[in-house]
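A short write-up of the structure that comes next.
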Amino acid sequence: MPTRPRKKSVTSSQTVTPRYSTPLPVLVKATPEQIKRRDFDGLANFDQRKPLQPVRMFGAEYLREGSELNKAVRKSMPGQNWNLFIASNQLRDAHEKGDSYEIDAANQKLFATMLPPKAPKGFPANPPEEHAAMVSRIAGFWSHPTWSAKTAPVNLPPAMAHEMESARLVLWWNNRRKRFLPAIFCPDYKTAMYVHAVLRDLRACPGCDKPFIPDRLDQQYCKPQCSGRQRTRRRRAKLRGKKAH
Ligand SMILES: [Zn+2]
């Protein structure tokens, strides 16, 4: 019987550091309402020359659909920015799984973001000049080198890194826990969404195209129905492929 190859042991050239025991806080400025309720986690005490602005840890409540916080998040990602976020995250996961059906689906969504934006009801569209800048950015990141379905390792890191360029790693005094913590400060919600996604605290469900906070590292869908829906789509696509030949 073939035996499974054993995992390579860590060599002396690598240092193993235990993973930081609490999630890395992603900080955003507290809203005036949060400040009024004194609902914040500390102050932006890492900027000596700026006023001590209250900050809040970005988390699940910012994703709750229909909430004021969620509306503010969507506003920070107008028009196709939202779809670009969803598609880039789906592509990352699909590429890691080596799932060609999902890689194709994510790429199609990604390239569709270059079309003029259709803002969902109640959400802002980008001004045309902003959309044009976004299209040229996508073309720049994604068509170089000559684009193919396999170029995610070349194109995805710079494209996603660009979206969170304004994030800063800081040392922060957390007033609730009375501890100094490393934190990532994000000046806007869009940056916070990308940082969260890159830290894998947030994923884009391939079944319903919504962001969600996974309970486990290997959770791919936000709910079981979405996994079922994706299975059906995949089966249909396979049948269509067969018919075409
Ligand atoms: Zn879903």
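Miscellaneous remarks
- Residue match in the stretch 14-23 (condition: closer than 18 Å to C186 by Cβ, open to solvent by 30 Å² or more (accessible area, probe 1.4 Å) and at pLDDT 85 or above): no
- Options Y221, Y194, Y189; residue that is away from the ligand (no atom under 16 Å from the Cβ), out of contact with any His (no Cβ under 6 Å at 6 or more places or on another chain) and closer than 22 Å to K97 by Cβ: Y194
- Among residues of the stretch 203-245, those that are at pLDDT 90 or above and of a type in the set (G, A, S), counted: 4
- Residue match in the stretch 226-237 (condition: in a loop (DSSP other than H, G, I, E, B) and within 16 Å of the ligand (Cβ to nearest atom)): no
- With respect to being among the basic types (K, R), under 16 Å from the mean Cα position of the chain (by Cα), surrounded by fewer than 20 Cβ atoms within 10 Å (Cβ to Cβ) and at pLDDT 90 or above, R38 falls outside the description.
Yes/no per residue for (1) free of Cβ contacts under 8 Å to residues at least 40 places away in the same chain; (2) surrounded by 14 or more Cβ atoms within 10 Å (Cβ to Cβ):
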| site | (1), (2) |
| --- | --- |
| T191 | yes, yes |
| V195 | no, yes |
| A204 | no, yes |
| D218 | yes, no |
| S227 | yes, yes |
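The values are calculated or read from the model by the stated rules, or taken from the named source; none is laboratory data. What you see is a predicted model; the values in this text were computed from it and never measured. Here Cβ is always computed from backbone atoms with ideal geometry, including for glycine, and neighbour counts include all displayed protein chains. With ligands, DNA and RNA removed, areas are computed over all heavy atoms of the protein, side chains included. Shrake-Rupley method; radii C 1.70, N 1.55, O 1.52, S 1.80 Å.
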